[in-house]
Amino acid sequence: RWPGTKRVDVRPFYDHLTPLIDFFGLTKLAHIDLDLIDRAAKKLGRTRAGKPKAPATLNRQVYTPVAAVLHHAAQKRWCPKPVIARPTQPEGRVRWITHDEAERLIAAAAPHLRPLVVFLLSTGARLSEALYLDWRDVDLDAGRVAFHETKNGESRGVPLHPRVVAELRALPHHTGAVFRRPDGQPYADRGGDGGGQVKTAWKTMLKNAGITDFRPHDCRHTWATWHYALNRDPFGLMRLGGWKSEKMVSRYAHVNPD
């Protein structure tokens, strides 16, 4: 908690501050302007796989922690109050499928991919949260899963539907990584990013199911859409999905009104 400010969770900043400290080095706070921050974002704006990071990711990993430090420094009169323009974020994509389409997708999935698809559609987990999930965080008897390494840095627990429990019980292993490649090995860690590890199997599944324009993250949108349609509970959806504000989940209230 910065002195004189509202309470904030600074834990998500810690991992992001290290590369920023390396970039800025001994630069005086008063000399860190928008141009230098943009240059930091450009240098740090790629994943370990070499893909450019989305504007929302740059906001979270570069602009937000830098702004937090500079605003705190300005309160101490160590530097002028900063003026920081953040990257424009596109309108959030909401692509979801019906229950019938979901069944087609599951039926078309390769054996190693099927449990993962069922899990994503039933928990709202981000793909990276699922790919790096460890059995220590899964309680099949209680029907619960805990996500610790989340996008916003906060842990959350989600109940497991009986169908998910059945899929997970049927897996041949119950230690280490929950979801694995066809050869039984854990998916490669790409620094928290997920997507490329299942790209080929996912593309084949979509083709066999006759479904187009559906990404792994769209399973999260589908879960949220189903949840709201069934419960009309935005605050419960926020808690289970790990969103910070009602605005983040309000878009699901405008789809599937029937």
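The values are calculated or read from the model by the stated rules, or taken from the named source; none is laboratory data. Predicted, not measured: the structure shown is a model, and the values here were computed from it. With ideal geometry, Cβ positions are generated from the backbone for all residues, glycine too; neighbour counts draw on all protein chains shown. Accessible surface areas use protein heavy atoms only, side chains included; no ligands, DNA or RNA. Shrake-Rupley method; radii C 1.70, N 1.55, O 1.52, S 1.80 Å.
Listing for the model above:
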| read-out | value |
| --- | --- |
| Candidates TRP96, TRP78 - the one that is in a loop (DSSP other than H, G, I, E, B) and under 25 Å from ARG156 (Cβ atoms) | TRP96 |
| Any hit, the range 152-159, residues being closer than 23 Å to THR204 by Cβ, in contact (Cβ under 8 Å) with a residue 60 or more places away in the chain and open to solvent by 10 Å² or more (accessible area, probe 1.4 Å) | no |
| Only one of VAL118, VAL145, VAL94, VAL164 that is closer than 26 Å to TYR252 by Cβ and touching a Leu at 6+ places or on another chain (Cβ under 7 Å) | VAL145 |
| Single unsatisfied condition, TRP135 versus (1) closer than 24 Å to GLN185 by Cβ; (2) under 17 Å from the mean Cα position of the chain (by Cα) | (2) |
| Qualifying residues in the range 101-133 (those that are among the charged types (D, E, K, R) and modelled with pLDDT of 95 or more) - the one least open to solvent (accessible area, probe 1.4 Å) | GLU101 |
| Of all residues making up the range 117-142, the number that are more than 17 Å from ALA224 (Cα to Cα) and not hydroxyl-bearing (Ser, Thr, Tyr) | 11 |
| Failed condition for LEU237, given (1) open to solvent by less than 30 Å² (accessible area, probe 1.4 Å); (2) in contact (Cβ under 8 Å) with a residue 40 or more places away in the chain; (3) assigned to a helix (DSSP H, G or I) | (2) |
| Tally of residues being modelled with pLDDT of 95 or more, part of a helix (DSSP H, G or I) and open to solvent by 30 Å² or more (accessible area, probe 1.4 Å) across the range 204-229 | 3 |
| The range 108-164: number of residues that are under 20 Å from ILE211 (Cα atoms) and in a helix (DSSP H, G or I) | 11 |
